[in-house]
Amino acid sequence: MTVRPLIAGNWKMNGLATESSAELKALIAKLQAADTGACDVLICPPATLVFQMAELAKGSNLNIGGQDCHAAEKGAHTGDTSAAMLKDAGATYAIVGHSERRTDHAETNEIVKAKAEAAIAAGLIAIVCVGETLEQRESGETLSVITDQVKNSLPAGATAQNTVIAYEPVWAIGTGKTPTPADVAEVHAHMRGDLNGLMQDADGVRLLYGGSVKGSNAAELMALDNVDGALVGGASLKAEDFWPIVETGLA
């Protein structure tokens, strides 16, 4: 099965209105000048910018998403943003279970699963993140950790149409370190096997790699079996840095 690649940029807690608008416009201009029919491109800005970025992206081939969502549709949850609110602001995707959320906010698989359910219910595509710590990798637990996170973070209604899985080894995020291509290929093949036991259309689920992805290593990573795109952090903040990665999805 041919899977349509997804190149996603996670801006994390970076970006103010004026500078972010300029970068988004530059990216949109590049997309408009290229043949992007073979690839989906996504930017997930801070929640404060979702509406503005979605307005700028209207009529283009650029998707806008949220970096997180609350599991509840509404209620007394000061400071949180629901999936329905993201959808209302123009988002089409929502990242859930990023390692920084799992670590900084003690999010469990059960919490991530509830958030993914909320995203899907609101009509968003959930990008469910999984990944092991350096300690877990060094103790040989990588595959068992990934299996646990995949099986317990995905809601019953997950399909290839509403769910993306992103493998982000915690120790590689923002460190400049990346697993070897063989390591990435092993984990992605393992995830595909896990998904085959969970859903009927597992072969169509897009599996992204994230963790210090940049223009210099994107092509090698994207060439691997079962790697259907990338979830990019720091290198997505500037259009000039992000574009070489996007081009790997267009190739």
Have a look at the chain and give its Rg and Dmax from the Cα atoms, expressed in angstrom.
16.7, 49
Take the alpha-carbon centre of the stretch 93-134, take the same for the stretch 182-235, and report the distance between them in whole Å.
17 Å
When Leu198, Leu86 are ordered from fewest to most other Cβ atoms inside 10 Å of their Cβ, what list results?
Leu198, Leu86
Note: the stretch 65-164 at 37 °C, 0.692 mPa s; Kirkwood Rh on alpha carbon pairs; Stokes-Einstein D in µm²/s works out to 240 µm²/s
Approximate spin-label separation Thr175-Arg192, in nm, with each point projected 7 Å along Cα-to-Cβ
2.7 nm
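By count of other Cβ within 10 Å, fewest leading, how are Cys69, Cys39 ordered? Walk me through the numbers on the way to the answer.
Working: Cys69 29, Cys39 20.
Neighbour counts put them in this order, fewest first: Cys39, Cys69.
Which value in deg cm²/dmol, rounded to the nearest 500, describes the helix-derived mean residue ellipticity at 222 nm for the chain, given -39,500 (n - 2.57) per DSSP H run of n ≥ 4 and division by the residue count?
Values: 10 runs with 104 residues, N = 251.
That calculation yields -12500 deg cm²/dmol at 222 nm.
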Ranked by Cβ crowding within 10 angstrom, fewest neighbours first, how are Ser20, Ser153 ordered?
Ser20, Ser153
Extension reserve of the Asp225-Ala38 stretch, reckoned as 0.36 nm per residue once the Cα distance is removed:
65.6 nm
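Can you give me the relative contact order of the stretch 1-83 as a percent, contacts being Cα pairs under 8 Å and 6 or more apart? It would help to have the intermediate numbers written out before the result.
Working: 109 pairs, mean separation 25.3, N = 83.
Relative CO of the stretch 1-83 lands at 31 percent.
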Assuming 0.36 nm per residue, please report the length gained on full extension of the stretch Val3 to Ala22 beyond their Cα-Cα distance.
3.7 nm
At q = 0.14, 0.20 Å⁻¹, what is the log10 ratio I(q)/I(0) for the stretch 16-137, with the Debye formula run over Cα points and no solvent?
-0.64, -1.08
Normalised by the number of residues in the chain, what is the relative contact order in percent for Cα pairs under 8 Å and 6+ residues apart?
21 percent
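Going down the table (Lys12/Lys214; Lys30/Lys214; Lys25/Lys74), which pairs top 27 Å between alpha carbons? Mind showing how you got there, number by number?
Details: Lys12/Lys214 16 Å; Lys30/Lys214 18 Å; Lys25/Lys74 32 Å.
Too far apart for the 27 Å limit: Lys25/Lys74.
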Relative contact order for the stretch 94-143: what is it in percent, counting Cα pairs under 8 Å that are at least 6 residues apart?
44 percent
Report, largest value first, the span of the C-alpha coordinates of the stretch 128-227 along each principal axis, in whole Å.
35, 29, 20
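Any read-out appearing in this document is the output of simple, stated calculations on the displayed coordinates, not a laboratory observation. Source: prediction; values computed, not measured. Ideal geometry is used to build each Cβ from the backbone, glycine not excepted, and the neighbour counts take in all protein chains shown.
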